[in-house]
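Reviewing the structure listed below.
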Amino acid sequence: MAVQADLGRPLARYTCVMMRLSRDVAGPCLAPRGSVIAVGAFDGLHRGHQALLAQVGERAQALQCSPIVVSFEPLPRAFFSPQPLPRLSSVRDKLRGFAAAGMEHALLLRFNRALTLMSAEDFVRRVLVQRLAAREVWVGGDFRFGHKRAGDVALLRRMGAELGFNACTMPEIQLQGARVSASRVRALLTTGEFAGATPLLGRPFVIDGKVQFGNQLGRTLGYPTANIHLHKRVSPVQGIFAVRVGLGESACSWPGVASLGVRPTVNQVSQPLLEVHLFDFQGDLYGQRMAVEFVAKLRDEQKFVGLEQLKAQMALDAGMAREVLGMNPRLTDA
């Protein structure tokens, strides 16, 4: 399978390439010329991840072999967690980011019970050597892998010396006095600190998806919305937000107000739904891809007594969002 890099989102500055995608441990060698490999979960593709992928690309060019990324779905932390793990990026976002970063191939391994039972030594031999013909393997300094997380950088280096590849660690990327990490980004987003998360991600936080039909309640209240279903993905953000929206391949520039939650007042849903009202927009959005950039959190989601109270609060939310976005605030936006 080939994945086309999308230069609009999420890593716009990288060169567009076609990237091949594989899912299985077993199979023919994917890199006949040899490979330089990045291994990790890569949720959010933050600046630390970007630096690692850039290093792999440079080393692959120097060695005249293939830059390859190995990642996992579901995320290992999510597989073992008793509670759903909030994600910074969808699988689609992650693959587009790999392609935009210049990776020739992504081996997106199915993280299941069989993989958790594979020893670290087998992972090195079967995945890194046999499947990918590794010449260099790049990981973070705290990287652990294999059954019961028995594998570490020291084991990679020992086996690399035996099997003909170098194991390398990427120095930490620090911003604002602390290490850039997915957990740090999640914590900032959860509290609505989008300005703090943006430099760590290297871009604003965005959720995108295809606009789907809803029950059109917002239209009857004077606030028609474009709905994006997150399905099983758990977002680190919930509540009411001032947003900017990009349609199709366009940049996120159209102002709006959005709700991400379970709609507790009417027609409560079991899985979070992203509902976006675009200010002063005329047109049909159904079936289009839409990217939603979160600018500021306005409030938490709450349950109202009835539709009139809900409508009054929506007017206040719209006015606040307009003000945050530098527009002329007003109390109605029919």
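Couple of notes before you dig in:
Residues checked against (1) in the same structural domain as Ala54 (by TED's automatic domain parsing); (2) basic (Lys, Arg); (3) in contact (Cβ under 8 Å) with a residue 60 or more places away in the chain:
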| site | (1), (2), (3) |
| --- | --- |
| Gly97 | yes, no, yes |
| Leu108 | yes, no, yes |
| Arg126 | yes, yes, yes |
| Trp138 | yes, no, yes |
| Gly141 | yes, no, no |
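- Residue that is modelled with pLDDT of 85 or more and out of contact with any strand residue (DSSP E or B) (no Cβ under 9 Å at 6 or more places or on another chain), where the choices are Leu285, Leu310, Leu274: Leu310
- Thr190 in contact with a helix residue (DSSP H, G or I) (Cβ under 9 Å, 6 or more places away or on another chain) and not charged (D, E, K, R): no
- Condition check for Gln282: outside any helix (DSSP H, G or I), free of Cβ contacts under 8 Å to residues at least 24 places away in the same chain and not hydroxyl-bearing (Ser, Thr, Tyr): yes
- Residue satisfying condition, being touching an Asp or Glu at 6+ places or on another chain (Cβ under 6 Å) and either exposed (fewer than 14 other Cβ atoms within 10 Å of the Cβ) or not assigned by TED's automatic domain parsing to the domain that holds Asp43 (or both), within set Ala182, Ala187: Ala182
- Residue match in the range 199-218 (condition: under 30 Å from Glu249 (Cα atoms), free of Cβ contacts under 8 Å to residues at least 24 places away in the same chain, surrounded by fewer than 16 Cβ atoms within 10 Å (Cβ to Cβ) and charged (D, E, K, R)): no
- Condition check for Ser81: within 17 Å of Lys232 (Cα to Cα) and either over 15 Å from the mean Cα position of the chain (by Cα) or among the β-branched types (Val, Ile, Thr) (or both): yes
- Among (1) modelled with pLDDT under 95; (2) crowded, with 22+ Cβ neighbours inside 10 Å; (3) more than 19 Å from Gly209 (Cβ to Cβ); (4) polar (S, T, N, Q), the one test that Ser81 misses: (2)
- Members of the range 105-140 that are in contact with a Gly (Cβ under 6 Å, 6 or more places away or on another chain) and part of a strand (DSSP E or B): Arg135
- Residues satisfying the criterion are absent from the range 108-129 (criterion: modelled with pLDDT of 95 or more, surrounded by fewer than 21 Cβ atoms within 10 Å (Cβ to Cβ) and within 14 Å of the chain's Cα centre (by Cα)).
- Criterion (aliphatic (A, V, I, L, M) and touching a Leu at 6+ places or on another chain (Cβ under 6 Å)) met by exactly one of Ala38, Ala26: Ala38
- Taking the numbered list (1) in contact with a Lys or Arg (Cβ under 8 Å, 6 or more places away or on another chain); (2) crowded, with 17+ Cβ neighbours inside 10 Å; (3) touching a residue at least 60 places away in the same chain (Cβ under 8 Å) in turn, Ser71 passes all entries but (3).
The values are calculated or read from the model by the stated rules, or taken from the named source; none is laboratory data. Computed from a predicted structure; not experimentally measured. Backbone-built Cβ (ideal geometry, glycine too); neighbour counts: all protein chains shown.
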